[in-house]
Amino acid sequence: KCGSSRSLFASKRTQSGSKANMNKILLVDDNPFNLLVAKTMLEGLKYSVVTALNGRLAIEEAMKVKDISLILMDIQMPVMDGYEASRELRRMMEKKEIPEIPIVALSANDSEDDKKRSREVGMYSYLSKPVSEESLKVVLDEIVSNKMATTENEDPDMMMMGDSQAQTPLFEIK
């Protein structure tokens, strides 16, 4: 992690008014502590969570676990980083090997280069660590709302996000 000791999520918990929507999230981070804190936070927001310790394992989980609504992907990991994993996942989505799933980048580095590279590999949004529960909830609610609107208003064979949307982040939360 380039010597970074920043936790994935801010430790301060906030009260959440999140509706019980039990969407399944694939959480990918090489730091077990970050996974534990993030999983606890997401479950508190009524999400079901599947975890992976690197990009290669994330791809395996995306292929075997049904109904993943979102992938939260750390971008700096051993074995396979988040950029490479996202590129491969997007390729698989284009070939209809797996369903369209928005990918949100997670990074301790809040650089424009990281944000640009995240967009280039097809990530939907970018969150800087530590992520507060409030900023996470904003992104989750927007993605869930977008998914529901797309499901109601568009051809079911269409991807959740159009090609132009898949290349542009929804938010840049600091």
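The values are calculated or read from the model by the stated rules, or taken from the named source; none is laboratory data. Please read these numbers as outputs of a predicted model, since none were measured by experiment. Counting neighbours? That spans all protein chains shown, and the Cβs are built from the backbone with ideal geometry, glycine included.
For this structure, a couple of remarks:
- With a requirement of 2 or more residues that are surrounded by fewer than 22 Cβ atoms within 10 Å (Cβ to Cβ), the strands (runs of 3 or more DSSP E) lying completely within region 40-138 that satisfy it span 48-52, 68-74.
- Scanning region 47-61 for residues that are at pLDDT 95 or above and within 19 Å of N34 (Cβ to Cβ) yields V49, V50, T51, A52, L53, N54, G55, R56, L57, A58, E61.
- Cross-chain or 6+ apart pairs with Cβ under 7 Å, region 80-97 first and touching a residue at least 60 places away in the same chain (Cβ under 8 Å) and under 26 Å from N109 (Cα atoms), then part of a loop (DSSP other than H, G, I, E, B) and of a type in the set (V, I, T): R90/V121
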